[in-house]
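Report on one structure; see the data block that follows.
The values are calculated or read from the model by the stated rules, or taken from the named source; none is laboratory data. Predicted, not measured: the structure shown is a model, and the values here were computed from it. When we count neighbours, we look across all protein chains shown, and the Cβ atoms used for this are built from the backbone with ideal geometry, even at glycine.
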Amino acid sequence: MKVFVEGFEHRPGEHCASTAIRNILNFHELPLSEAMVFGLAGGLGFFAINNDALSPTRMFHGRTVSLETDFCANAGLPVEGGVEEDDARAWQSLKAQLDAGVPVMLSTDTFYLGYQGTTSHFPGHRAVAVGYDEAEDRVYIADRKLGEYQSVSREELRRSRNADDYPMPCHNEYQHFRPGRLEWGRPLPEIIRLAFARNAQWMLDPPEGPMPPAACGLPGMRSLARELGDWKALDDWSWAARFGYQIIVKRGAGGLFFRSIYRDFLAEAEQAVPALGELRLAEATDAIAQGWGEVADLLKTQSERETCRPELFAQAGARVDDLAHREEALFRQLARVAESDAPWESAAA
């Protein structure tokens, strides 16, 4: 038996999760741009991982850890999902949703997906399951940057969703909406306001969660700024630098560490809340995005050297420290805007 979700349209995008959510929303007749999805999720973030058991041993990322569930919380949408440690139950749950004609967003590690053609692990990569072929034991996937649907074996998918041979499995995490009519839980200006407030809170005072607060948000960014100079002593200094460069300008970051996606969200938010245009938030975010591009250039240059130049890591650290100050100013402004009534009153008028 072959099953495929009818009516699902895959459109490639910049970031895996915001592309997946946008396409699933479109399926449920709630069209949004990818930038608006990312911004309404309060997705602009930062977290860092130092772990000698991983490769590379030093990593950082530019989005919030909880983007996917935060989007639905901010928008007031009734998402279903979570984690399922048992692989057999995870497959039966996915199969049941696909049988019901529901696309499902999955958390995967790209290392185990043959079509990705990668030799490095990247857990937490979101893709959408849209069908399966029981006779061939295959599953069909819609993946962010690829225009065509991809076919993977069930074993490939199982390992990518919950590999037992890598320290960071994805725990079969998934999200989907029930079949039937889906409606926004709040007016768009209210969602924007809530997203501003929650994103500012997450960056300024990171919550307890799957990662320690000190590794997330602005505290995590400042820790990276202090520690980058010490990367010169790492055995994998070149790979850590290369991965950092890739995280900023490649690997689904929208070109400039997600800051360019958030800039586009702010520009679009001004159409829903015109008074926001006077604050020049998108302009400030664009300057921050360009700054992260400078960090990427330093790390790329370092990664291409045969021997480490310590001053390149030191320069990157100083640049990250400056960006932390700029981002703190941005998020404090977003928090003040969220608390003020003036912009939102004009939007409601």
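The figures follow:
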| read-out | value |
| --- | --- |
| Any pair with Cβ under 8 angstrom, 6 or more apart, that starts in segment 239-254 at a residue that is assigned by TED's automatic domain parsing to the domain that holds Gly291 and ends at one that is among the polar types (S, T, N, Q) and assigned to a helix (DSSP H, G or I) | Trp239/Ser303; Ala241/Gln302; Ala241/Ser303; Arg242/Ser303; Tyr245/Ser303; Gly254/Ser260 |
| Residue match in segment 84-101 (condition: in contact (Cβ under 8 Å) with a residue 12 or more places away in the chain, on the phi > 0 side of the Ramachandran plot, in contact with a helix residue (DSSP H, G or I) (Cβ under 8 Å, 6 or more places away or on another chain) and of a type outside the set (Asp, Glu)) | no |
| One residue from Asp286, Asp236 being among the acidic types (Asp, Glu) and touching a Ser or Thr at 6+ places or on another chain (Cβ under 6 Å) | Asp236 |
| Residue in segment 65-88 that is assigned to a strand (DSSP E or B), surrounded by fewer than 19 Cβ atoms within 10 Å (Cβ to Cβ) and acidic (Asp, Glu) present | yes |
| Segment 294-322 residues that are more than 13 Å from Leu224 (Cβ to Cβ), paired with ones that are modelled with pLDDT of 95 or more and loosely packed, with under 15 Cβ neighbours inside 10 Å (beta carbon under 7 Å, 6 or more apart) | Gln302/Arg309 |
| Any hit, segment 209-227, residues being surrounded by 14 or more Cβ atoms within 10 Å (Cβ to Cβ), farther than 25 Å from Gly62 by Cβ, touching a Gly at 6+ places or on another chain (Cβ under 6 Å) and not β-branched (Val, Ile, Thr) | no |
| Top-ranked residue of segment 268-280 - restricted to ones that are in contact (Cβ under 8 Å) with a residue 24 or more places away in the chain and touching a Pro at 6+ places or on another chain (Cβ under 9 Å), ranked as surrounded by the most Cβ atoms within 10 Å (Cβ to Cβ) | Ala269 |
| Wholly enclosed helices (runs of 4 or more DSSP H) of segment 164-276 bearing at least 3 residues of a type in the set (Val, Ile, Thr) | 237-249 |
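To keep it simple, each residue is scored yes or no on (1) hydroxyl-bearing (Ser, Thr, Tyr); (2) under 16 Å from Met221 (Cβ atoms); (3) surrounded by 17 or more Cβ atoms within 10 Å (Cβ to Cβ); (4) outside the structural domain of Leu224 (by TED's automatic domain parsing).
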| position | (1), (2), (3), (4) |
| --- | --- |
| Leu266 | no, no, yes, no |
| Ala282 | no, no, yes, no |
| Gln290 | no, no, no, no |
| Thr307 | yes, no, no, no |
| His325 | no, yes, no, no |
| Ala329 | no, yes, no, no |
| Arg332 | no, yes, no, no |
| Arg336 | no, no, no, no |
